[in-house]
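No lab work stands behind these numbers, since they all come straight from the coordinates. Note that the structure is predicted; figures quoted are calculated from it, not measured. Glycine gets a Cβ as well: all are built from the backbone with ideal geometry, and neighbour counts include every protein chain shown.
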Amino acid sequence: MMICVVGLGYVGLPLAIQFPRSSAKVTGLDIDQSKIDQVNRGRSYIKHIASKTVSEVLRAKRLNASTDSSRIKNAEAVIMCVPTPLTKNREPDISFVIKTGTTYPGTTDEN
Ligand SMILES: NC(=O)c1ccc[n+]([C@@H]2O[C@H](COP(=O)([O-])OP(=O)(O)OC[C@H]3O[C@@H](n4cnc5c(N)ncnc54)[C@H](O)[C@@H]3O)[C@@H](O)[C@H]2O)c1
């Protein structure tokens, strides 16, 4: 099974390295090139995730990371882990979710 995790932050990266334990393959997508580069070099930028764990799933060819949103087309399941910061009224700002949902290929009727 191929799973796509969109947003490799505090939630997305730990999630992306768990699925390969059950033999699923994961493509991690992010707009932050430095995160993509670090993941693809087997480096963790999340304190409680060891780089060793990231490099193990990379070596097993069960994880790859990219800024290329077209990779979402190969996924059987997509998990969105983009930010939802609180507004000044303490309501979630879902603009990142809407942007992701409308700009990724195949996520609207138009593309
Ligand atoms: N961090 C926590 O402890 C925690 C706990 C519970 C729930 N959450 C929720 O989980 C979600 C993700 O939070 P987080 O802490 O992982 O955020 P984060 O800021 O650490 O990571 C979000 C990632 O999404 C990326 N991103 C933004 N727009 C994107 C796009 N269009 N396409 C691809 N990537 C994009 C960012 O570059 C970043 O790497 C939020 O809804 C948050 O409220 C977080």
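Only helices enter the 222 nm calculation for the chain: every DSSP H run of n ≥ 4 contributes -39,500 (n - 2.57), and dividing by all residues gives -8000 deg cm²/dmol, rounded to 500. Under a 5 Å amide H cut-off, with hydrogens placed 1.01 Å from N, Ala65 pairs with Gly28 among residues at least 5 apart or on other chains.
In this structure, Asp93 and Ala50 have a Cβ-Cβ separation that, at R0 = 22 Å, corresponds to a calculated FRET efficiency of about 0.10. Taking packing as the residue-averaged number of other Cβ atoms within 10 angstrom, the listed peptides 59-65, 43-49 run from highest to lowest as 59-65, 43-49. Each principal axis of the Cα cloud of segment 2-82 was evaluated for its coordinate range; sorted largest first, these ranges are 29, 26, 18 Å.
Of the beta bridges in the chain, as assigned by DSSP with both residues counted there, near 5 percent are antiparallel.
Amide H contacts for Val78 (H built 1.01 Å from N in the peptide plane; partners 5 or more residues away or on another chain; cut-off under 5 Å): Cys4. Under 24 Å of direct C-alpha separation, and excluding same-chain neighbours fewer than eight residues apart, Lys35 reaches these lysines: Lys25, Lys47, Lys52, Lys61, Lys73, Lys99.
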